[in-house]
């Protein structure tokens with residue numbers, strides 16, 4: 001199976017696309033730009049959701065659900081928001097079909113035209129702030145710490161499975177606060193939740209920082225982000241947390257009576273991660289043999305494959321295998337025992353390798369004799385024969401080790417592909433020939449960022465929170481700068 | 001708070017609507033027919049989702065996600081499906097807005113008209129069977145046992161929070177099988193899952209049966225359903241499971257090579273329950289004092305309220321309260337300790353009563369002295385003073401008792417409001433003056449069912465699976481019949 005797809009070196013883009021489809025994660029649908037998330041891919045999303053949802057709840061948030069449709073006029077209320085979002089979107093204009101006069105199929109019923117068109121939400125700030133207006137009167141009603149799990153639609157011309165699709169699944173948090181300080185703190189709390197999730201669950205090291213004005217969310221005062229580096233040297237924005245100031249409160253007239261009895265506008269944040277994370281997960285760890293999934297997000301963490309010739313061997317092996325399975329499951333490890341007789345062990349080996357199952361156990365007749373089990377790990381492809389005694393603890397530790405190894409490997413990759421450059425020639429050379437994160441001085445202007453983008457396709461991915469003060473000269477304009485920012489080509 | 005809303009006797013419809021809004025479950029949004037599900041209401045949905053999702057997985061199903069948009073032409077492929085669904089729906093015709101020439105807001109960009117309109121899914125059989133066509137070649141690919149949690153849109157003219165909204169949340173299962181027998185068995189398995197869920201989790205007794213052809217799902221060969229009786233004597237369809245025969249396989253040309261090497265059409269089922277269940281939950285158990293929630297679905301199962309005058313009393317009470325809270329939480333019980341000093345105990349008592357929290361604990365200075373705690377149950381409004389020793393077990397048992405009591409009460413209500421009638425006059429009298437389920441003979445024709453509906457607004461809610469064979473005469477036409485069916489006015 002792994003044979004008929006290209007290596008990363010041959011074509012990274014094709015490798016990615018083929019991997020997503022052949023590993024049964026997702027596929028394109030009959031609707032341009034909309035994907036079908038297949039059960040194996042959706043199981044990864046469910047694991048991500050469960051982990052994030054718990055983190056949101058542990059930090060005081062609750063879930064709710066707001067409408068899919070947003071009246072067109074809502075988008076015009078926040079000036080920069082409409083520029084960023086209302087343009088490429090799905091517009092509902094009618095609410096009825098009728099039988100076609102020629103008897104062939106159905107046509108839009110022109111009598112059922114909406115007075116005001118409805119936009120399929122590309123993001124929900126507007127409909128939510130229209131709602132918060134009714135919920136907030138006094139400081140006692142604040143903060144509102146609300147998240148929703150939802151689908152959104154942004155009409156994309158060039159789509160790629162998980163990375164950029166017209167419809168995608170995400171969570172969007174929308175909070176309302178009495179003070180600026182509290183709202184900024186919330187924005188930063190969520191940035192920490194996102195980076196913890198990326199690092200601990202996805203085994204994905206990320207840079208934390210803010211965006212330059214050019215890359216800021218439409219309607220935000222400040223956009224914080226986590227940025228990761230993919231194996232092809234391109235950056236991927238994995239999550240954003242926006243401090244919205246009072247922009248949406250002003251646009252939707254949301255005021256509250258403060259403790260001091262003054263009428264003030266509410267402060268806002270919004271933040272989101274999406275099914276794009278699955279794309280990031282695939283691109284960070286997988287290899288030319290297929291998917292590599294970190295144990296904490298793998299739908300199947302351990303697969304057990306029996307090696308046998310005759311039916312009665314299978315019976316004996318199954319007895320041992322099911323005991324191991326039970327022991328592992330008691331530790332909360334998800335295990336599949338694949339005893340299908342329609343496929344041979346070799347086929348199964350490559351199937352689960354291709355699908356990125358972290359640990360493969362094999363039990364054959366000789367193992368029965370010797371009280372052993374063959375343990376293969378997906379990340380290093382190493383195999384060893386272990387005594388079956390205490391195998392549950394050994395596997396539990398191995399899964400932790402694999403998770404840790406994937407993180408370290410990704411971190412080492414990022415470090416190896418992060419360059420500090422001081423001249424424009426060097427900058428262009430690295431961006432063009434090496435890729436990766438480029439730390440360079442920047443004069444702080446949008447004009448310079450745009451020119452750099454025009455000439456090299458690289459953009460400022462983030463202004464790192466932990467950047468040291470360091471005097472220098474802008475790599476492009478030569479003007480003075482007091483810290484380096486991170487440039488890269490990006491997904 | 002409970003004061004300014006009508007009793008059930010005064011106006012059941014207004015009681016329901018006010019209750020939903022004032023108990024912070026949901027409210028209407030700026031988009032006609034679309035509701036906002038508020039955090040307290042959404043928390044109930046999350047509990048429902050978690051329970052159902054586990055039941056689906058325990059019966060071998062997996063989750064996936066299919067596109068929100070469906071090409072218009074797909075609806076024409078299954079003849080009766082288009083009649084039932086493609087008419088009242090949201091139609092996406094354009095994919096871009098542009099700045100209005102007059103500078104005021106945005107308008108639809110007529111240059112961005114879709115070649116083929118997209119329908120916002122009212123249900124997903126068509127897009128899913130278009131996908132299954134790619135997934136199924138051989139009997140080895142079957143069965144497909146897939147569910148999705150999603151939003152759907154059906155353009156409704158008269159909407160009611162949770163019960164009938166243009167957009168609603170649901171799960172829709174779509175399965176594909178090699179044989180008719182297996183597909184029918186699946187339809188029945190799911191009917192059992194639904195009725196188990198209704199009875200065990202919602203404390204809602206339901207009738208299991210099939211629908212008459214008039215009430216069948218558009219495209220189904222047979223529709224199974226669970227039907228519940230609300231406190232106003234109207235029936236509510238709480239879930240449906242459809243045996244679709246080979247209708248969708250034929251419409252989308254989905255064939256498989258059987259074990260016998262013959263090319264055959266695939267057999268299908270689909271099944272769903274929605275946020276409508278929250279409406280059923282509210283209407284079954286709540287009373288004139290507000291919500292009554294069964295413990296198994298209550299977001300807060302136990303609330304603890306301190307009764308105190310001075311700050312130092314609160315400290316001592318808190319110590320005891322937090323210990324009780326911890327003990328209850330260790331048993332998996334969700335507990336809120338409301339020590340806000342901005343509200344008085346009396347206000348809190350009515351607040352949690354109104355919101356249907358199953359058990360309220362109160363601790364005052366006298367309780368500290370006596371080692372007691374006041375326990376109040378929402379279902380019967382009874383209070384008692386208990387020794388605090390072993391309180392965790394007592395509360396755990398009490399929650400089980402409350403769950404059981406709500407079920408028994410609802411069952412007794414249904415039994416008291418189920419009538420067996422044999423004459424047309426009697427039929428009309430019961431439907432008009434009493435409501436409830438009416439067991440009557442029916443001649444089996446659509447014409448009779450339609451005439452009965454015209455004259456009384458009652459429809460056949462279900463043909464019960466466990467109906468006894470019994471010779472009789474149709475209550476309307478006088479023609480012969482061999483079993484009674486269940487009539488009622490319905491939501």
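Suppose the filter is at pLDDT 95 or above, assigned to a helix (DSSP H, G or I) and under 23 Å from the mean Cα position of the chain (by Cα); does residue B:461 pass it? Write out each step before concluding.
Details: at pLDDT 95 or above: yes; assigned to a helix (DSSP H, G or I): no; under 23 Å from the mean Cα position of the chain (by Cα): yes.
No, not satisfied.
Kindly state which helices (runs of 4 or more DSSP H) lie completely within the range A:1-84 and contain at least 1 residues that are touching a helix residue (DSSP H, G or I) at 6+ places or on another chain (Cβ under 6 Å), farther than 24 Å from residue A:285 by Cβ and within 13 Å of chain B (Cβ to nearest Cβ).
Once the helices (runs of 4 or more DSSP H) in the range A:1-84 are filtered for at least 1 residues that are touching a helix residue (DSSP H, G or I) at 6+ places or on another chain (Cβ under 6 Å), farther than 24 Å from residue A:285 by Cβ and within 13 Å of chain B (Cβ to nearest Cβ), what remains is A:72-75.
Outside the structural domain of residue A:202 (by TED's automatic domain parsing), under 30 Å from residue A:15 (Cα atoms) and touching a residue at least 24 places away in the same chain (Cβ under 8 Å), is that true of residue A:377?
yes
Failed condition for residue B:186, given (1) in contact with a strand residue (DSSP E or B) (Cβ under 6 Å, 6 or more places away or on another chain); (2) buried (at least 21 other Cβ atoms within 10 Å of the Cβ); (3) facing another protein chain (nearest Cβ under 8 Å), with all others met?
(3)
I'd like to check which strands (runs of 3 or more DSSP E) are fully inside the range A:254-322 and have at least 1 residues that are buried (at least 18 other Cβ atoms within 10 Å of the Cβ) and in contact (Cβ under 8 Å) with a residue 12 or more places away in the chain.
Where strands (runs of 3 or more DSSP E) fall fully within the range A:254-322 and carry at least 1 residues being buried (at least 18 other Cβ atoms within 10 Å of the Cβ) and in contact (Cβ under 8 Å) with a residue 12 or more places away in the chain, they are A:255-257, A:267-274, A:302-306.
Has the range B:344-355 got at least one residue that is outside the structural domain of residue B:280 (by TED's automatic domain parsing), more than 17 Å from residue B:292 (Cβ to Cβ) and touching a strand residue (DSSP E or B) at 6+ places or on another chain (Cβ under 7 Å)?
Looking for residues that are outside the structural domain of residue B:280 (by TED's automatic domain parsing), more than 17 Å from residue B:292 (Cβ to Cβ) and touching a strand residue (DSSP E or B) at 6+ places or on another chain (Cβ under 7 Å), one finds at least one in the range B:344-355, hence yes.
Given (1) in contact with a helix residue (DSSP H, G or I) (Cβ under 9 Å, 6 or more places away or on another chain); (2) within 14 Å of chain A (Cβ to nearest Cβ); (3) closer than 22 Å to residue B:383 by Cα, where does residue B:305 come up short, assuming only one miss?
Unmet condition: (2).
Please work out which one of (1) assigned to a helix (DSSP H, G or I); (2) facing chain B (nearest Cβ under 8 Å) is the condition residue A:193 fails and give its number.
(2)
Would a scan of the range A:91-106 turn up a residue that is farther than 20 Å from residue A:153 by Cβ, in contact with a strand residue (DSSP E or B) (Cβ under 9 Å, 6 or more places away or on another chain) and at pLDDT 95 or above?
Looking for residues that are farther than 20 Å from residue A:153 by Cβ, in contact with a strand residue (DSSP E or B) (Cβ under 9 Å, 6 or more places away or on another chain) and at pLDDT 95 or above, one finds none in the range A:91-106, hence no.
In the list A:305, A:278, which residue meets the criterion of being in contact with a strand residue (DSSP E or B) (Cβ under 9 Å, 6 or more places away or on another chain) and closer than 30 Å to residue A:243 by Cα? Let's see the steps before the verdict.
Numbers: A:305 fails: closer than 30 Å to residue A:243 by Cα.
The unique qualifying residue is A:278.
Right, residue A:54: without any contact (Cβ under 8 Å) to a residue 12 or more places away in the chain and touching a strand residue (DSSP E or B) at 6+ places or on another chain (Cβ under 8 Å) or not? Please lay out each step first, then the result.
Working: without any contact (Cβ under 8 Å) to a residue 12 or more places away in the chain: yes; touching a strand residue (DSSP E or B) at 6+ places or on another chain (Cβ under 8 Å): no.
Judged against the criteria, residue A:54 is not a match.
May I ask you to say which residue of B:417, B:393, B:405 is farther than 24 Å from residue B:216 by Cα and touching a strand residue (DSSP E or B) at 6+ places or on another chain (Cβ under 8 Å)?
Only one candidate qualifies: B:417.
Which of the residues that make up the range B:119-168 are touching a helix residue (DSSP H, G or I) at 6+ places or on another chain (Cβ under 7 Å), crowded, with 23+ Cβ neighbours inside 10 Å and within 9 Å of chain A (Cβ to nearest Cβ)?
B:119, B:127, B:130, B:146
Can residue A:418 be described as surrounded by fewer than 12 Cβ atoms within 10 Å (Cβ to Cβ) and either touching a helix residue (DSSP H, G or I) at 6+ places or on another chain (Cβ under 7 Å) or closer than 30 Å to residue A:480 by Cβ (or both)?
Here the answer is no, as residue A:418 does not meet what is asked.
For the range A:386-395, what are the residues that are out of contact with any helix residue (DSSP H, G or I) (no Cβ under 8 Å at 6 or more places or on another chain) and either farther than 24 Å from residue A:291 by Cα or buried (at least 18 other Cβ atoms within 10 Å of the Cβ) (or both)?
Across the range A:386-395, the qualifying residues are A:387, A:389, A:390, A:393.
Name every residue in the range A:209-253 that is assigned to a strand (DSSP E or B) and over 30 Å from residue A:418 (Cα atoms), in order of residue number.
Within the range A:209-253, the subset assigned to a strand (DSSP E or B) is A:209-210, A:222-229, A:235-245.
Passing the criteria: A:244, A:245.
Give the residue that is farthest from the chain's Cα centre (by Cα), with candidates limited to residues of the range A:323-339 that are surrounded by fewer than 15 Cβ atoms within 10 Å (Cβ to Cβ) and in a helix (DSSP H, G or I).
Once the filter is applied, the top-ranked residue is A:323.
Could you tell me which numbered condition residue A:97 fails, if it satisfies all but one of (1) free of Cβ contacts under 8 Å to residues at least 60 places away in the same chain; (2) within 10 Å of another protein chain (Cβ to nearest Cβ); (3) under 19 Å from residue B:107 (Cβ atoms); (4) not in a helix (DSSP H, G or I)?
That leaves (3) as the condition not met.
Filter the range B:427-450 for residues that are in a strand (DSSP E or B) and in contact with a helix residue (DSSP H, G or I) (Cβ under 8 Å, 6 or more places away or on another chain); which is nearest to residue B:482 (Cα to Cα)? Talk me through it step by step, then tell me what you get.
Our first condition is that a residue be in a strand (DSSP E or B); within the range B:427-450, this holds for B:437-441.
Restricting the remaining residues to those that are in contact with a helix residue (DSSP H, G or I) (Cβ under 8 Å, 6 or more places away or on another chain) gives B:437-438, B:440.
Values: B:437: 19, B:438: 16, B:440: 11 Å.
Going through the qualifying residues, I end up with B:440.
Which members of the range B:118-170 meet the condition of being in a strand (DSSP E or B), in contact (Cβ under 8 Å) with a residue 60 or more places away in the chain and more than 30 Å from residue B:30 (Cβ to Cβ)?
B:138, B:145, B:146, B:147
The values are calculated or read from the model by the stated rules, or taken from the named source; none is laboratory data. Values in this document were obtained by computation on a predicted structure and should not be read as measured data. Positions of Cβ are generated from backbone atoms using ideal geometry, with glycine treated the same way; all protein chains shown enter the neighbour counts.
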